[in-house]
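Please treat every number below as a calculation from the coordinates, not as lab data. Bear in mind the structure is a predicted one, so any value in this text is a computation, not a measurement. With ideal geometry, Cβ positions are generated from the backbone for all residues, glycine too; neighbour counts draw on all protein chains shown.
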Amino acid sequence: MIKKIMAVWEGKSSDMIRIMVNATDFQKDVWNALMRIPNGYVVSYGTIAEHIGRPKAVRAVGTAVGANPVSLFIPCHRVVQKSGKVENYGWGDTMKQKILKAEAVAFNQTSESPASRKSRQVG
């Protein structure tokens, strides 16, 4: 099962993996939006808030992202601050940067922020 999970996570398989998590309706909206962010891209918390129709709920989006219990399946690591800064990741900021780099997100050479050319709207 681990090989199947990693193949899906790495984008080498399009198999479906069913998971069950308890969540509020708001968390479900946020987490569904996270699952629409393609591998190799990042978006801001504000972009997620706008996408779910709650543009003023940026902090609540951050809380919902942080409450994600299954990071490998709901890619919360693809959400960054509006400035592009990587901060407050549950597994540590260094780990978030490593995961993003593994997904081919380019980082600015003068900072630890993802390069803006890899940012995009939520699909």
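What to note about this one:
- Entries of K4/K56; K12/K96; K4/K98; K12/K56; K3/K101; K3/K56 with Cα pairs more than 30 Å apart: K4/K56; K12/K56; K3/K56
- Footprinting exposure proxy for V79, V58, V86, V30 (fewest neighbouring C-beta atoms within 10 Å first): V58, V86, V79, V30
- Once the chain from T63 to V21 is taken as fully extended at 0.36 nm per residue, the excess over their C-alpha distance is 13.5 nm.
- Residue exposure sequence - S44, S13, S83 - by fewest surrounding Cβ within 10 Å: S83, S13, S44
- Applying the Karplus relation 6.51 cos²θ - 1.76 cosθ + 1.60 with θ = phi - 60° to segment 35-48 yields 3J(HN,Hα) values of 6, 8, 7, x, 3, x, 10, 10, 9, 8, 4, x, 5, 5 Hz, where x marks Gly and Pro.
- For q = 0.14, 0.22 Å⁻¹, Debye-computed log10 I/I(0) when each Cα of segment 9-79 counts as one equal scatterer: -0.40, -0.95
- The trypsin sites (Lys or Arg not before Pro) of segment 1-67 meeting both criteria, a DSSP state outside H, G, I, E and B (loop) and at most 10 other C-beta atoms within 10 angstrom of the site's C-beta, are K12, R18, K56.
- Kirkwood Rh (inverse of mean 1/r, distinct Cα pairs), the chain, angstrom: 14.7 Å
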